[in-house]
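The values are calculated or read from the model by the stated rules, or taken from the named source; none is laboratory data. Note that the coordinates shown come from a computational prediction; the quantities given were computed from them, not determined experimentally. All Cβ positions, glycine included, derive from the backbone under ideal geometry; neighbour counts span all protein chains shown. Surface areas here come from the heavy atoms of the whole protein model, side chains and all, with no ligands, DNA or RNA. Shrake-Rupley method; radii C 1.70, N 1.55, O 1.52, S 1.80 Å.
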Amino acid sequence: MKKERYISRKEQKKCKKVADAFVELYEIAEVVVVDVGRYGYVKLQYYYKPPRGFDGITTYTDADTMFKDLWREWLEIQLFTLSAGTSVAKMDYADMMKYLPKKKQQQLMDRKKEFARRAKIKLE
């Protein structure tokens, strides 16, 4: 019986670059991204004690979607951290971003470019 493949080898290599680019995210959040071979890549979040394991599981079979999701995750953590203890913390993430000084907004967008450069992803 032939085993079905859910991700092309080319896309798997691209996803590896994205996973490697976001290693900083895994250090600051309850997130890990793992290569699951012919199934693609999986983001595991919010680890509970055994036997429950991870609460959040997302599977990726294309690098662009994976990049967008990991970028959003990283950005939300930054916005949450920057707004902690302020009235801004009650805003949604889009409003938090608008509330930041232009210089800080630019720094965050520069980080996105850096992640994209490391992952070899072209930004839209």
Please list, short to long, the whole-number percent of alpha-carbon pairs of region 1-87 in consecutive 10 angstrom bins beginning at zero. 16, 43, 28, 10, 2, 0
Asp20 versus Glu114, label points 7 Å from Cα toward the beta carbon: distance in nm? 1.8 nm
Which value in deg cm²/dmol, rounded to the nearest 500, describes the helix-derived mean residue ellipticity at 222 nm for the chain, given -39,500 (n - 2.57) per DSSP H run of n ≥ 4 and division by the residue count? -16500 deg cm²/dmol
With the Cα gyration tensor of region 45-90 in hand, convert its eigenvalues to equivalent ellipsoid semi-axes via √(5λ) and list them largest first in whole Å. 25, 19, 6
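Please find the FRET efficiency linking Arg5 to Tyr99, where r is the Cβ-Cβ separation and R0 is fixed at 30 Å, and quote it to the nearest 0.05.
Working: r = 45 Å, r/R0 = 1.50.
E(calc), rounded to 0.05, equals 0.10.
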In nanometres, the difference between 0.36 nm per residue of separation and the alpha-carbon distance of Arg38 and Arg52 is 2.6 nm
Under-17-angstrom lysine pairs by C-alpha in region 1-79, whenever the two are 8 or more apart or on separate chains: 9
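Tally up the carbon and sulfur contribution to the accessible surface of the chain as a whole percent, 1.4 Å probe, everything protein left in place. Present the calculation step by step, with values, prior to reporting the outcome.
Working: 4660 of 8480 Å².
Taking all protein chains in place, the chain shows 55 percent carbon and sulfur surface.
Charges only on Cβ, +1 for Lys and Arg, -1 for Asp and Glu: so what's the dipole of region 40-124 about the Cα centre, in debye to the nearest 20? Show your work: numbers first, answer last.
Numbers: 17 positive and 11 negative charges, 72 e Å.
Charge dipole, region 40-124, about its Cα centre: 340 debye, nearest 20.
What FRET efficiency comes out for Lys68 versus Val88 if R0 is 41 angstrom and r is the Cβ-Cβ distance? Round to the nearest 0.05.
Working: r = 24 Å, r/R0 = 0.58.
For Lys68 and Val88, the calculated efficiency is 0.95.
Students often check this: by mean Cβ neighbours within 10 Å, which of 82-91, 14-23 ranks highest, and how do the rest follow?
Details: 82-91: 11.9, 14-23: 18.8.
The peptides rank, most packed first, as 14-23, 82-91.
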Figure the gain on full extension for Ala29 and Thr81 (residue separation times 0.36 nm, minus the Cα-Cα span) and round it to one decimal in nm. 17.6 nm
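Mind checking region 24-124 for chymotrypsin sites (Phe, Trp or Tyr not before Pro) that DSSP puts in a loop (not H, G, I, E or B) and that have at most 10 other Cβ atoms within 10 Å?
Numbers: sites: Tyr26, Tyr39, Tyr41, Tyr46, Tyr47, Tyr48, Phe54, Tyr60, Phe67, Trp71, Trp74, Phe80, Tyr93, Tyr99, Phe115; in loops: Tyr48.
Qualifying residues, ordered by number: Tyr48.
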